[in-house]
Structures are given as structure tokens and as C-alpha cells.
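The values are calculated or read from the model by the stated rules, or taken from the named source; none is laboratory data. Not measured: the values here are computed from a predicted model. Cβ: placed from backbone, ideal geometry, glycine included. Neighbour counts: every protein chain shown.
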Amino acid sequence: MTPFAAKTHHHVEVFTLSVWYSPSDMEILIPAYNYPSPGGQFWERLIQSAQFVRITAIVNPGSGPGTTQDANYQTMITRLVQHNIRTIGYVSTSWANRSMHDVKIDIDRWLALYPAIQGFFFDELTADSSAEHLQYYAELREYVRQRGEKLYIVGNPGCCTTEHYCNLVDQIVLFEQHEGFQSFSVPHWASKLTGGFGILRYACADKREMFNTVRAAANSGAKSIYVTDRGAHGSNPWAELPTYWDDFVQAIREPARMVRTMKAKKRKCIVQ
């Protein structure tokens, strides 16, 4: 479906706009892997943006919670939660190769060191139907639920996985790449996820392509998204906000206005 239809009458170009999603339907899921130094603009801009859009921030002191509390992280996590930013802690599962004991230690350390944490981001989630792998994540889910029924779980295989994971996490990241989004297709079972599915696209340098990605993700039913121009040539895509951060927030907040603005930059209406 094409969102624009152009009609010409008396040399006047009239663009009719069809918007079939609401900005409130999606939120930002941001890997916030930037050290929270006091006054750091990464965090201040993130907090400011929470006035306009819903945000889930993944925090990561040291490939997980670390072994001791970092006062700056403690302060920032508290601030994020106070500003209604859902804040979840990074936990590596290494495609079910990491020992269950070590993963559970990370979960307990997150809750002990940073008690304001609201859930977990299980990275390197498996994407197969192995009974052993499914049992691994089922045990982790039960472990988390025992520590708090409202703790939110995001799983990240970074690609399409199988329906079996729907009951093991709240949300699944089905795309984490810098290219290939045009061929991404949503599996039929995605609607069964209680928290929907997420999209993480990096090294997306063009602002128009960023907007097209947001629009396509929303039309596919995505619950969350993050698009950044960082990450080209092997650099860390999550260390800084995208250079078009404000436009990205606006694309989530007011998609209709963004469409009109960006379309106007390419075409002019001539009235005689």
C-alpha cells in the first residue's frame, strides 16, 4: 500500500495522506550503552524525550551488572525510572551456552546492586526449537518470575526465531542488522507475544531511510524500534545517540507530520 496519492487539477498538486498507524502504537527500545557521567548529554536527551514517547532503556555497566555497584549507574537508573523510562538490565546468555548458574548470578546481582531495575534483556537468545534450549530459557523465565512477577523480559536472537519462545519472554527482537530490512517479514505467530516484537537497525545513515524504517516497522505491527546511523565500519552502534535523534523521536511521536515535512522537501506545490 502506498501512503500518498497525487492528483493534479489546475496546476495544483494535492497530496492525500493515509496514515494507518498511531504514534502511540510503538515505543523506543534503546541499547543505552553509554557511561552515565553526570550531566552527560546522551542521558539528558533521553530523559527529555520521554516526555513525548515511551522508552525502554537497556543498561549495561559491564556486559551485565558487574560485581560492584557503580554510583553513577545507580543514580541514572533511578532517574530513568522516575521519568517513566522502563529500565532493564543486559544479561548475556550466549545462545544457551553460558552456564545457568552464571546467568542467575547476573539476575540476582542486577536486583541487589540496582534494585530499581525493571526487567532484563536476554541477549544472544537461541533461534531454534531445540528442547534443551527451550528448557534453558523456560528455567530462566521462571527464575525471573519468582523474583518479581512484573519484571519485564526482552529476548534478543537478532533474527527471526520460532513460536516456541512466545511463552518464554515478553518481547522478542526479531531484527538486529544494518541491512536487509526490506526483506524482513513478520512471522505469523508474532501477535502471540505479550509484549510484541522489536526492531534494532544500525548504520542507517540516511534520514529518509530512517523514517521509512519506522513507518514500515509500525505497519508490520512492531511494538518497539530503534534506528541509528551509528555502527558503520564496525564501530559500536549503541555508544551514542543517532545524529538524527530528534527526528527519530518525532517520527515515533508524530508520523503524519513527518511524512508531510519530508515529502515537501522533494516536491513543490505550484498554485496559479
| said: When you scan the stretch 72-95, do you find a residue that is among the aliphatic types (A, V, I, L, M) and over 22 Å from the mean Cα position of the chain (by Cα), even just one? | reply: no
| message | Looking at the stretch 154-166, I want the residues that are more than 17 Å from Ser191 (Cβ to Cβ) and have a partner that is small (Gly, Ala, Ser) and not in a helix (DSSP H, G or I) with Cβ atoms under 6 Å, at least 6 apart or on another chain. Which pairs are those? | response | Pro157/Ala127; Cys159/Ala127
| Among (1) hydrophobic (A, V, I, L, M, F, W, C); (2) outside any helix (DSSP H, G or I); (3) at pLDDT 95 or above, which single condition is Ala5 missing? | (3)
| query | Going by the conditions given, is Ala217 modelled with pLDDT under 95, crowded, with 17+ Cβ neighbours inside 10 Å and more than 30 Å from Ala131 (Cβ to Cβ)? | reply | yes
| task | Could you give me the residue pairs with C-beta distances under 9 Å whose first residue belongs to the stretch 66-81 and is at pLDDT 95 or above and outside any helix (DSSP H, G or I), whose second residue is surrounded by 14 or more Cβ atoms within 10 Å (Cβ to Cβ) and among the basic types (Lys, Arg) wherever it lies, and which are 6+ apart or on separate chains? | result | Gly66/Arg109; Thr67/Arg109
| What number goes with the only condition from (1) of a type in the set (A, V, I, L, M, F, W, C); (2) under 30 Å from Val144 (Cα atoms); (3) modelled with pLDDT of 95 or more that Val186 does not pass? | (3)
| remark: Of the residues in the stretch 220-251 that are loosely packed, with under 15 Cβ neighbours inside 10 Å and not in a loop (DSSP other than H, G, I, E, B), the one that is nearest to the chain's Cα centre (by Cα) is Asp246
| field | Leading residue by the ranking (nearest to Cys166 (Cα to Cα)) among those in the stretch 220-242 that are touching a residue at least 24 places away in the same chain (Cβ under 8 Å) and polar (S, T, N, Q) | value | Ser224
| note | Per the filter on the stretch 236-261, residues out of contact with any helix residue (DSSP H, G or I) (no Cβ under 8 Å at 6 or more places or on another chain), at pLDDT below 95 and not charged (D, E, K, R) are Ala256, Thr261
| note | Condition set touching a helix residue (DSSP H, G or I) at 6+ places or on another chain (Cβ under 9 Å) and in a helix (DSSP H, G or I), scope the stretch 184-208, selection surrounded by the fewest Cβ atoms within 10 Å (Cβ to Cβ): answer is His188
| field | the stretch 170-187 residues that are under 20 Å from Ile30 (Cβ atoms), paired with ones that are surrounded by fewer than 14 Cβ atoms within 10 Å (Cβ to Cβ) and of a type in the set (Ser, Thr, Tyr) (beta carbon under 7 Å, 6 or more apart) | value | Asp170/Thr194
| query | Quick check, is Gly66 under 25 Å from Ser37 (Cβ atoms) and out of contact with any Phe, Trp or Tyr (no Cβ under 7 Å at 6 or more places or on another chain)? | reply | yes
| query | For the subset of the stretch 17-65 comprising residues that are outside any helix (DSSP H, G or I), over 23 Å from Ile117 (Cβ atoms) and among the small types (Gly, Ala, Ser), which member is modelled with the highest pLDDT? | reply | Ser22
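Condition test on Val14, is it assigned to a loop (DSSP other than H, G, I, E, B) and either at pLDDT 95 or above or over 15 Å from the mean Cα position of the chain (by Cα) (or both)?
Considered against the rule, which asks whether it is assigned to a loop (DSSP other than H, G, I, E, B) and either at pLDDT 95 or above or over 15 Å from the mean Cα position of the chain (by Cα) (or both), Val14 comes out as no.
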| remark: Checked pairs for the stretch 94-114, first touching a residue at least 12 places away in the same chain (Cβ under 8 Å), second crowded, with 19+ Cβ neighbours inside 10 Å and among the polar types (S, T, N, Q), C-beta under 9 Å and 6 or more apart or across chains, list as Trp95/Thr126; Ala96/Thr126; Val103/Thr93; Tyr114/Thr87
| Filter result (under 14 Å from the mean Cα position of the chain (by Cα) and free of Cβ contacts under 8 Å to residues at least 40 places away in the same chain) within the stretch 202-219 | Tyr202, Thr213
| (1) under 26 Å from Glu27 (Cα atoms); (2) of a type in the set (D, E, K, R); (3) more than 20 Å from the chain's Cα centre (by Cα); (4) not in a helix (DSSP H, G or I): which one isn't true of Arg145, the others all being true? | (4)
